[in-house]
Amino acid sequence: MLEYHDIVRQRIPENLLIARRDETLTLGFWAWASEPTQIIAPRFIFYGEKQRVVSPAINVDLITSPTFYTFEIEVPSDSGRGMIEIAPKALDNVSPKIYLDGLLLVDGVHSQNMPQISDENAVIGFWDGKAFSNLLRNGSAEKTWLRPAVFLWEVLPS
């Protein structure tokens, strides 16, 4: 569950993005809210050799039951490191509880059909009959891990 001002970010390793330059990835996730509302979908920030590219803001209408959403993301041709940013602030001046679960980021273009998850951590599965590996870690945020302070990201190698 995310509250009104929560922001969650996950770094995507440079080697994964360099190998996927100019390719399409599909983001899939389940989302719902304590009352119907509209939010901004998770966004991607790519850091290239000369510029920072932020994926377009896409509005998502949430209802009170879990619904599966998908979006395509183009990896820029000069992408190095990057991150996914989840900041689902409600856009309609209400403050409902917002739930996101089972985030998947996979290679290629996939349909709105729900994928079949093959393990409890949503690391592997099948989507549209094709095997996938999830490029995100802990897509349901059910495992805890140490979170280094922001300044450490600046000094840690990619």
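Data for the structure
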item: Relative contact order %, the stretch 26-74, counting alpha carbon pairs below 8 Å whose residues are six or more apart; result: 55
item: Apportionment of accessible area to carbon and sulfur, the stretch 1-102, percent (1.4 Å); result: 48
item: Relative contact order computed over the stretch 60-135 (Cα-Cα under 8 Å; 6+ residues apart), in percent; result: 23
item: Among 45-51, 83-89, the order from most to least packed when residues are scored by Cβ within 10 Å on average; result: 83-89, 45-51
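The values are calculated or read from the model by the stated rules, or taken from the named source; none is laboratory data. As the structure is a computational prediction, the values presented were derived from the model and not from experiment. Positions of Cβ are generated from backbone atoms using ideal geometry, with glycine treated the same way; all protein chains shown enter the neighbour counts. Calculation scope for accessible area: heavy atoms of the full protein, side chains included, ligands and nucleic acids excluded. Shrake-Rupley method; radii C 1.70, N 1.55, O 1.52, S 1.80 Å.
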